[in-house]
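The values are calculated or read from the model by the stated rules, or taken from the named source; none is laboratory data. Because the structure is a prediction, the values reported are computed rather than measured. All Cβ positions, even for glycine, are placed from backbone atoms using ideal geometry, and neighbour counts span all protein chains on display. The accessibility values were calculated without ligands, DNA or RNA, using every heavy atom of the protein model including side chains. Shrake-Rupley method; radii C 1.70, N 1.55, O 1.52, S 1.80 Å.
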Amino acid sequence: MVRVKLNQLCEGCVLAEDVLGKTKKPIMLKNTVITKSLLHVLSKFLIDEVEVEPVLVNGEPFLGGDPSLTKPDERPVMLYLEAVQQYKRVFQSWQSGLPVDIREIREIAIPLFNKMIKHKRELLVLHHYTTKEEYLYHHAVSVGLLAGFLAMQLGYGQGECHQIVLAGVLSDCGMAKISSQILLKPSALTEAEFREIEQHPIFGYRMVQKIAALNQGAKLAVLQHHERNDGSGYPLRVKAEKIHPYGQIIAVADVYYAMTSERLYRRKQSPLRVIETMQREQAGRLNTEVVALLFNHLVSLQTGTMVKLSNGETAEVVFTQRDEPLRPIVKVIETEELLPLAEHRDLYIEEILSP
């Protein structure tokens, strides 16, 4: 990591440590990607120095700061950002008509996965690094990693986990056959444009169907990752009994990552709020066992846990509700007010600050 003065920061820098205010409360959390507005916030709080990663969110080296303070390392976030840029180059080759080279995808994804599974906390917050402009590339790599992690927790062997990682990374390869005007459109898609997007799993399946190194489950997952258990998905609108388990795992990873990430036409949401939405609104559509597994690894709201609320206040969990574990009773640190979040539906937990 690199320690830099505020005037050396630039857009795209990634915070390597929490930024604390004068009262020692977090102003910005580790992994935050710096924007112009956040630079203004740091200035208002009279922050002098911060710790940042030695690369920008787009994978380019950060040239600011004192080079003598830069610590070369192979931390997961560095490897992840590099993998995203490698995937971007591969995706662009598909757009130009080249076929999928499975060895290339394996070299990008599998060593990174083997590293990331030892760093669960980092793996579950990869959405922090997504930028609107490069969402598609972050999405592919992150979905593959998250799907592989979920498969491992479900008891799949290493070989199958690797197949699921590869299927997750390749799940949107068919997007390379979609018009760039649609992929880069900064506003919501029209009905006709969305119908074109719905074809990408079919295009993707055609791109991978003859790859001997992928098993049939992985190929079906590329085709089925947008299908839903109640038949409301696409492209074939099949129901649960016809959706391969690999596809059901990747579907959960895909929905979670999409909802927690900043996109061209949609703002990101808090991971805990996303899980709450998935449990409530996606019930019957996504595999409940996989959603529950993701929930259990994301949420650790025990008494004493420090959290950041959606209104920006810091609070401490004082009592968890068994029927609504994401809406505990919290004590606001500033005012010592007790807030039962189950009764304040407009408020939710934005981030878990400490266990």
Specify the residue that is farthest from Leu145 (Cα to Cα); the eligible residues are those in the range 235-280 that are among the small types (Gly, Ala, Ser), at pLDDT below 95 and open to solvent by less than 10 Å² (accessible area, probe 1.4 Å).
-> Ser270
For residues that are assigned to a helix (DSSP H, G or I) and of a type in the set (D, E, K, R), scanning just the range 95-112, find the one that is most open to solvent (accessible area, probe 1.4 Å).
-> Arg103
Taking Leu9 as the residue in question, decide whether it is surrounded by 18 or more Cβ atoms within 10 Å (Cβ to Cβ) and within 27 Å of Glu334 (Cα to Cα).
-> no
Verdict on Glu196 being within 25 Å of Gln95 (Cβ to Cβ), open to solvent by 30 Å² or more (accessible area, probe 1.4 Å), out of contact with any His (no Cβ under 8 Å at 6 or more places or on another chain) and assigned to a helix (DSSP H, G or I) = yes
For residues in the range 113-125 being outside any loop (DSSP other than H, G, I, E, B) and closer than 10 Å to Phe149 by Cβ, which is modelled with the highest pLDDT?
-> Phe113
Only one residue in Glu60, Glu104 is modelled with pLDDT under 80 and within 29 Å of His162 (Cα to Cα), so which one is that?
-> Glu60
Test: residue in the range 114-124 that is over 30 Å from Ile34 (Cα atoms), open to solvent by 20 Å² or more (accessible area, probe 1.4 Å), out of contact with any His (no Cβ under 8 Å at 6 or more places or on another chain) and free of Cβ contacts under 8 Å to residues at least 40 places away in the same chain | no
Members of the range 179-233 found to be of a type in the set (Gly, Ala, Ser) and free of Cβ contacts under 8 Å to residues at least 12 places away in the same chain, listed by number | Ala192, Ala212, Gly231
Does Leu123 satisfy the criteria of being within 17 Å of the chain's Cα centre (by Cα) and either among the acidic types (Asp, Glu) or farther than 23 Å from Lys219 by Cβ (or both)?
-> yes
Out of (1) surrounded by 15 or more Cβ atoms within 10 Å (Cβ to Cβ); (2) outside any loop (DSSP other than H, G, I, E, B), the odd one out for Asn229 is which?
-> (2)
Somewhere in the range 281-304, is a residue of a type outside the set (D, E, K, R), farther than 30 Å from Glu227 by Cα and either touching a residue at least 60 places away in the same chain (Cβ under 8 Å) or open to solvent by less than 40 Å² (accessible area, probe 1.4 Å) (or both)?
-> yes
Can you find a residue in the range 210-226 that is farther than 25 Å from Gln153 by Cβ, open to solvent by less than 60 Å² (accessible area, probe 1.4 Å) and in contact with a helix residue (DSSP H, G or I) (Cβ under 9 Å, 6 or more places away or on another chain)?
-> yes
Does Leu326 satisfy the criteria of being free of Cβ contacts under 8 Å to residues at least 40 places away in the same chain, buried (at least 17 other Cβ atoms within 10 Å of the Cβ) and outside any helix (DSSP H, G or I)?
-> no
Please verify whether the range 332-342 includes one or more residues that are outside any strand (DSSP E or B), of a type in the set (Ser, Thr, Tyr), out of contact with any His (no Cβ under 6 Å at 6 or more places or on another chain) and under 22 Å from Leu20 (Cα atoms).
-> yes
For residues that are at pLDDT below 90 and touching a His at 6+ places or on another chain (Cβ under 8 Å), scanning just the range 128-161, find the one that is surrounded by the fewest Cβ atoms within 10 Å (Cβ to Cβ).
-> Thr131
Residues that are of a type in the set (A, V, I, L, M, F, W, C) and not in a helix (DSSP H, G or I), drawn from the range 199-222 | Ile211, Ala212, Ala213, Leu214
